Amino acid sequence: MSANALYTDLSGYYDLMCADINYPAQSNGVRRLHQLFGNQGRRHLDLACGTGPHIRHFIDFGYDSCGLDINQPMLDRARQRCPEALFTRQDMASFEFDHPFDLITCFLYSIHYSAGIDKLEACIKRAHNALTQNGVLCFNAVDKNRINNNLYVSHTTEHDDSSFTFRSGWHYCGQGDQQSLKLSIAKTTLEVTESWQDEHAMVALGFDDFDRLLRRYFDVHIFEHDYEKIIPWDGVSGNALFVCVKT
Ligand SMILES: C[S@@+](CC[C@H](N)C(=O)[O-])C[C@H]1O[C@@H](n2cnc3c(N)ncnc32)[C@H](O)[C@@H]1O
């Protein structure tokens, strides 16, 4: 299934699926990184913004935020959550705006939705062009060489007399530049369970490849994937936060 079809199906369940994500901590962590590395400007763009949970926080921090996503139903929900923001339906590999930004974010590994290394580089180039001097691109990523195919995250939540269990995990076959995200949803109502499975392809890189690619455009800082502390990446963890400064 394509990412677009997937998120059309998921848009009604998306916020439920993400109920255990600490969006305030993620947004505040990136706000602090931007304060440390950026130019103090307030124009913000969130790539692959989904239903706009981070944008809500950035607006509340005093940013002037825009969001883009390829999926219209996700954007419709984002608009309801953040009527102050501008949302447009665009592909992050080819986006255009008529003004620059001081901070561009891309959360929840969404940069991996770039369909292949060429599209990823196109997205990085677009972000570089769209940033002001000392503007920051910040995203999280997973290293293909450190994916544990047996690891899943799972949570259960109640909604409208039903119980939902969401499960997701990365899978990398060990070669090439594609990994997949496996998702499953089980909905139980009155002891009847319906389940839904999806696996879709995403771009796969090692952190050394990410670093090489980003350094063509940016000053690059890699941190541990911890939004509450600013700790340099230890060279071992499979998830990290990338802070890329346009100099
Ligand atoms: C995992 S969701 C993340 C949403 C949001 N950033 C969050 O943290 O909740 C991934 C989002 O990426 C969007 N997406 C996938 N491919 C895209 C592309 N090429 N350009 C823009 N958005 C894309 C999907 O529509 C979906 O809303």
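The values are calculated or read from the model by the stated rules, or taken from the named source; none is laboratory data. Just so it is clear, the model here is predicted, and its values are computed rather than measured. Note: ideal-geometry Cβ built from the backbone for every residue, glycine included; neighbour counts use all protein chains shown. For the accessible areas, the whole protein counts, side chains as well, though only heavy atoms, and no ligand, DNA or RNA atoms are used. Shrake-Rupley method; radii C 1.70, N 1.55, O 1.52, S 1.80 Å.
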key: Rounded accessible area per residue of the chain, 1.4 Å, Å²   = 47 Å²
request  = Quick one: accessible surface of TRP170, probe radius 1.4 Å, all protein chains present, in square angstrom to the nearest 10.
outcome  = 40 Å²
ask   = Helix 23-37: angle to the longest alpha-carbon principal axis of the chain, degrees 0 to 90, nearest 10?
value = 10 degrees
ask   = About the Cα centre of the chain, what is the dipole size in debye to 20, counting +1 per Lys and Arg Cβ and -1 per Asp and Glu Cβ, all else neutral?
value = 660 debye
request  = In nm, give the distance between the simple-model label positions of ARG81 and SER184, each being 7 Å from the Cα along the Cα-to-Cβ direction.
outcome  = 2.7 nm
query = If you average the sequence gap of Cα pairs under 8 Å that are 6 or more apart and divide by the length of the stretch 12-77, what percent do you get for the contact order?
reply = 31 percent
task = Counting only C-alpha contacts under 8 Å and six or more residues apart, can you give the relative contact order of the chain as a whole percent?
result = 18 percent
note = Partner lysines whose C-alpha sits under 21 Å from that of LYS125, ignoring same-chain residues fewer than 8 away, are LYS246
inquiry  = What FRET efficiency comes out for ILE230 versus ASP60 if R0 is 25 angstrom and r is the Cβ-Cβ distance? Round to the nearest 0.05.
reply    = 0.70
request  = Show that you can apply the helix-only estimate: for the chain, add -39,500 (n - 2.57) for every DSSP H stretch of four or more residues, divide by all residues, and state [θ] at 222 nm to the nearest 500.
outcome  = -8000 deg cm²/dmol
ask   = Which of the aspartates and glutamates could be linked to LYS182 by a straight reach, that is with a Cα gap under 14 Å, when you skip same-chain ones fewer than 8 residues away?
value = ASP198, GLU199
ask   = Which of the pairs LYS144/LYS229; LYS119/LYS229; LYS144/LYS187 have their Cα atoms more than 28 Å apart in this structure?
value = LYS119/LYS229; LYS144/LYS187
remark   = So the carbon and sulfur contribution to the accessible area of the stretch 97-247, 1.4 Å probe, in percent, is 46 percent
inquiry  = From the convex hull of the Cα coordinates of the stretch 1-154, what is the mean projected area in square nanometres?
reply    = 9.4 nm²
